[in-house]
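Following: one structure in structure tokens, then a few remarks.
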Amino acid sequence: IYHLVEYILYIRRNEPTGRIIFLHAYQDVQDIPSELGPNVKILDEAFPAITLDLTFVQGTFGPELVAAAGKKMNVPRSRMFASCFGANHPHSLAEYRGLRLIHH
């Protein structure tokens, strides 16, 4: 929940928006952290000026998934953020064509 709060605070300070959509990519349903949904609901109540939504997408997180999700949700990649990629992430930031990183 700490990282979610950090993301919300960063976006609230730096972006003119009233809505944040958290997107979680997963391979198997059992890989979804059980606390993710309840934590987003708690934070939605804690930050009443911002609507928080949570969307799940089955697939591997990468440039193709980000492009498809953005198109489906009508959100340009320049308005999307991701947490820091792990050391073994197979794609460069440039491949995401506008996606921004939030460092934690």
*When both residues are 6+ apart or on different chains and their Cβ atoms are under 8 Å apart, which pairs have a first residue that lies in segment 69-95 and is over 20 Å from Q58 (Cα atoms), and a second that is at pLDDT 90 or above and acidic (D, E)?*
R79/E15
*Among the numbered criteria (1) at pLDDT below 95; (2) over 14 Å from the mean Cα position of the chain (by Cα); (3) among the hydrophobic types (A, V, I, L, M, F, W, C), which single criterion is violated by F47?*
(1)
_Among the residues in segment 48-65, are any open to solvent by 40 Å² or more (accessible area, probe 1.4 Å), more than 22 Å from F85 (Cα to Cα) and without any contact (Cβ under 8 Å) to a residue 24 or more places away in the chain?_
yes
_Output for segment 6-28, where each listed residue is in a helix (DSSP H, G or I) and open to solvent by 40 Å² or more (accessible area, probe 1.4 Å)_ = E6, L9, Y10, R12, R13, N14
*What number of residues within segment 61-76 satisfy the criterion of being under 18 Å from L36 (Cβ atoms) and part of a loop (DSSP other than H, G, I, E, B)?*
1
*In segment 29-45, what residues are surrounded by 11 or more Cβ atoms within 10 Å (Cβ to Cβ) and touching a residue at least 24 places away in the same chain (Cβ under 8 Å)?*
I32, N39, V40, I42, L43
*Do any residues in segment 1-28 that are more than 19 Å from P48 (Cβ to Cβ) have Cβ atoms under 7 Å from those of residues that are of a type outside the set (S, T, Y) and part of a helix (DSSP H, G or I), where the two are at least six apart or on different chains, and which pairs are they?*
L23/A69; H24/L36; A25/L65
*Hits in segment 77-89 (condition: part of a loop (DSSP other than H, G, I, E, B) and either surrounded by fewer than 11 Cβ atoms within 10 Å (Cβ to Cβ) or of a type in the set (V, I, T) (or both))*: G86, A87, N88
*Does H24 qualify as being over 13 Å from the mean Cα position of the chain (by Cα) and under 21 Å from H103 (Cα atoms)?*
no
_Please go through segment 77-100 and give me each residue that is farther than 12 Å from V66 by Cα, at pLDDT 90 or above and of a type in the set (S, T, N, Q), ordered by number._
N88, S92
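The values are calculated or read from the model by the stated rules, or taken from the named source; none is laboratory data. Predicted model, so just to flag it, every value in this text is computed and none were measured. Cβ coordinates were reconstructed from backbone atoms using ideal geometry, including for glycine residues, and neighbour counts include every protein chain displayed. All accessible areas refer to the heavy atoms of the entire protein, side chains included, with ligands and DNA or RNA removed. Shrake-Rupley method; radii C 1.70, N 1.55, O 1.52, S 1.80 Å.
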